[in-house]
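Q: First the structure, then my questions, so here it is.
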């Protein structure tokens with residue numbers, strides 16, 4: 001009984017360690033604010049709940065391991081050790097997603113375009129509100145001269161100047177959709193780097209693009225800003 005019982009306890013402790021580590025990963029992500037980079041705020045309570053459930057299961061596993069009569073197969077033990085190592089890596093090296101890199105691999109077509117029942121005054125519209133308005137009313141003449149005050153990250157666009165963009169999400173980064181506005185970057189100044197967050201103030205103008213006209217932001221003030229605590233938009 002001595003040696004088999006001790007091995008069973010070790011296996012139970014390993015299972016508990018795996019559950020506990022991933023519970024800590026979820027809770028630490030929620031406490032540190034990392035979730036704001038990965039998941040819409042409305043889903044954060046699920047992460048809190050999942051972390052607490054995993055910790056509770058880890059405690060129960062430690063309590064029940066002494067009564068268990070099953071041993072882990074070598075392959076199962078290796079998988080648990082790998083999972084524990086992955087959890088430790090996430091805790092020590094948290095992910096730092098690049099919105100520009102992510103956007104380069106995503107479709108820029110909005111699904112289920114919402115109806116515009118109410119339109120804010122130009123100076124109060126966010127970047128995503130401008131994008132939705134321009135898709136529903138694309139004639140640049142309707143918006144020329146309107147004041148603009150927006151913020152977002154710099155998104156390189158193949159064959160065009162970089163845009164100022166945001167990520168729209170339904171749930172998390174997995175379903176993220178990039179939306180952006182073309183910008184007439186000031187002449188004689190270096191174009192901002194990808195992923196840099198900026199606040200732009202200026203007016204809406206128009207320019208010829210691909211045999212037609214399009215609306216474009218003409219900034220009069222441009223300043224770097226820190227990434228918002230909650231950069232994802234619904």
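Q: Is it the case that residue 138 is in a loop (DSSP other than H, G, I, E, B), in contact with a helix residue (DSSP H, G or I) (Cβ under 9 Å, 6 or more places away or on another chain) and surrounded by fewer than 19 Cβ atoms within 10 Å (Cβ to Cβ)? Before you say what the answer is, go through the steps one by one.
A: Values: in a loop (DSSP other than H, G, I, E, B): yes; in contact with a helix residue (DSSP H, G or I) (Cβ under 9 Å, 6 or more places away or on another chain): no; surrounded by fewer than 19 Cβ atoms within 10 Å (Cβ to Cβ): yes.
For residue 138, the condition - in a loop (DSSP other than H, G, I, E, B), in contact with a helix residue (DSSP H, G or I) (Cβ under 9 Å, 6 or more places away or on another chain) and surrounded by fewer than 19 Cβ atoms within 10 Å (Cβ to Cβ) - is not met.
Q: Considering only residues that are touching a residue at least 60 places away in the same chain (Cβ under 8 Å) and assigned to a strand (DSSP E or B), look in region 141-157 and name the one that is nearest to residue 208 (Cα to Cα).
A: For region 141-157, the residue satisfying everything is 148.
Q: Among 8, 88, which is the only one that is surrounded by 12 or more Cβ atoms within 10 Å (Cβ to Cβ), assigned to a helix (DSSP H, G or I) and at pLDDT 90 or above?
A: After ruling out the rest, the residue left standing is 88.
Q: Determine which single condition residue 133 fails, assuming it passes every other condition in (1) crowded, with 18+ Cβ neighbours inside 10 Å; (2) without any contact (Cβ under 8 Å) to a residue 24 or more places away in the chain; (3) within 25 Å of residue 98 (Cα to Cα).
A: (3)
Q: So which of 182, 192, 156, 178 is touching a strand residue (DSSP E or B) at 6+ places or on another chain (Cβ under 7 Å), crowded, with 17+ Cβ neighbours inside 10 Å and more than 25 Å from residue 119 (Cβ to Cβ)?
A: The conditions single out 192.
Q: Then there is this: Go through region 195-233 and give me each residue that's surrounded by fewer than 12 Cβ atoms within 10 Å (Cβ to Cβ) and either part of a strand (DSSP E or B) or not assigned by TED's automatic domain parsing to the domain that holds residue 138 (or both).
A: Across region 195-233, the qualifying residues are 208, 220, 221, 223, 224.
Q: Report, ordered by the first and then the second residue, all pairs with beta carbons closer than 6 Å, sequence separation of six or more or different chains, a first member in region 60-71 that is closer than 14 Å to residue 17 by Cβ, and a second member that is modelled with pLDDT of 65 or more.
A: The qualifying pairs are 61/12; 61/15; 61/16; 62/16; 65/9; 65/12.
The values are calculated or read from the model by the stated rules, or taken from the named source; none is laboratory data. In this text the structure is predicted, and so the values were computed from the model without any measurement. Here the Cβ is made from the backbone with ideal geometry for all residues, glycine too, and neighbour counts use every protein chain on show.
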